[in-house]
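The values are calculated or read from the model by the stated rules, or taken from the named source; none is laboratory data. Small disclaimer: the values here were computed from a predicted structure and weren't measured. For neighbour counting, all protein chains shown are included, and Cβ atoms are generated from backbone atoms with ideal geometry for every residue, glycine included. Remember, those area values only see protein heavy atoms, side chains included, never the ligands or the DNA or RNA. Shrake-Rupley method; radii C 1.70, N 1.55, O 1.52, S 1.80 Å.
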Amino acid sequence: MRSFLCDYLFKVVLISSVLTFNVCQKNQDMSHFRFSNGVSPVLYDVGRDSITNPDNEHQLLTDSKSCASCHERVYQNWLRSRHRVSYTNEIYQQSHKQEPMSWCLNCHAPFVTLNSDHDNPLDRFQKEDGISCITCHVRNGKILTSKIPKKELLSHRYQEIPQMETSEFCANCHQFSFPTVKSMVKGNAEFHYSKLPMQDTYEEWKRSPYYNKKQCQSCHLFPRSKFTHSFPGGHSLDDLSSAFVISIEKKSENAYLVEIETKNIGHSFPTGDLFRTVRLRVYSPEKKFEKEWVFRKAFSVRQNPKSDEASKVLSEDTVIESNSLNGNKKSLIWMSDKRIESIYYELFIEYQNGINQLVSKIDSEDTIKKFQSGTIKVSK
């Protein structure tokens, strides 16, 4: 009995030690990025952090454009990406004017240098590059990479960080909650998140059947392809169109079942920015408007919130969940007193809604995009 107990305890201690080592190693590796899930900006020392020639210590790399001479395809793809315009795009700029919090900048324009003003957007280092090559790959004079290149391809000093290939790496900017009421008070030195998710994409992936089958990078980085590092996200209308299927079935004399289905999406949709909305509109064959459905998360003002709570509360959740590898459906009942043989439909994505849309100075043609339409027959 004693031998069995000792053996059992030894295994428990061994497993615990391995788990502790792995967690500590992972935290140590991730610390190289100086990410804080958006709580603080990333301090970047140009002299200490920039890439230098290993032979003579002359600076080689101080911005993303410096990468282009050897990584032209990656650079050109990134140049057209949503990461590139994370700070400069009009939708973000409009939102930031309404709520000018430096906390937002910590993901959209993350770099600050020594003695810079963290709260001044104009004082952010390389803000025009948004989420750049430097943001993810350069610290302490080394290239941070998930896997060190083959020996004959080595041209820099490297730091291998396997976590860069995991969804956990992306969660640093794509999983966070609303700030607490106390954090929103001007002059408050401490920043804290509430328990109400504002952007829940990483946790949506963890709840999906894609969890640990595909990482974020599998679909958004386009690894080992000519599109690598293009990061289109929810702004590629072609990708959106290929991911949605609409069908309609007659269920009774006046009832029709309309189904909207997403394919190969490893998280809820829409996801990301809390202002995003998908609209499905159906029309008669003569294109007379009949019905609209809205898919989104909506938040309203919380009454008398506590200092550690969010000032908002989730009031509507109609997003399409990712719950199947074979496709994710939402079934909608449409009651009509007309005999319907076919319908014309349109699918739109909105990048602004609610109060943002009302006060926005951006043309709606730039914030509301139709990504799919067509005529389909009613099945029986």
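Values computed for the structure shown
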{"quantity": "Residue-wise HN-Hα coupling along the stretch 310-316, computed from phi with Karplus coefficients 6.51, -1.76, 1.60 (Hz; x: Gly, Pro)", "calculated": "7, 7, 10, 9, 5, 10, 8"}
{"quantity": "Protection proxy ranking, peptides 309-322, 80-93, 102-115, average beta carbon neighbours within 10 Å, highest first", "calculated": "102-115, 80-93, 309-322"}
{"quantity": "Length-normalised contact order of the stretch 150-230 in % [C-alpha pairs under 8 Å, at least 6 apart]", "calculated": "26 percent"}
{"quantity": "Within the accessible area of the chain (1.4 Å probe), percent carbon and sulfur", "calculated": "53 percent"}
{"quantity": "Descending principal axes extents, the chain, alpha-carbon based, whole Å", "calculated": "78, 70, 54"}
{"quantity": "Placed amide H near K291: partners under 5 Å, 5+ positions off or other chain", "calculated": "V282"}
{"quantity": "Measure of compaction for the stretch 50-164 (Cα Rg per 2.2 N^0.38 Å)", "calculated": "1.17"}
{"quantity": "Helix-only [θ]222 nm of the chain, DSSP H runs n ≥ 4, -39500 (n - 2.57) each, per residue, nearest 500", "calculated": "-7000 deg cm²/dmol"}
{"quantity": "Gaussian network model of the chain, springs between alpha carbon atoms under 10 Å - residue of N353, N212, N37 with greatest fluctuation", "calculated": "N212"}
{"quantity": "Whole-Hz couplings from phi, Karplus 6.51/-1.76/1.60, listed for the stretch 31-46; x for Gly and Pro", "calculated": "5, 4, 7, 6, 6, 9, 6, x, 5, 10, x, 9, 7, 10, 9, 4"}
{"quantity": "In order through the stretch 62-77: 3J(HN,Hα) via Karplus (6.51 cos²θ - 1.76 cosθ + 1.60), integer Hz, x for Gly, Pro", "calculated": "10, 8, 5, 4, 5, 6, 4, 4, 10, 10, 4, 5, 4, 4, 5, 5"}
{"quantity": "Å² per residue, accessible surface of the chain at 1.4 Å", "calculated": "57 Å²"}
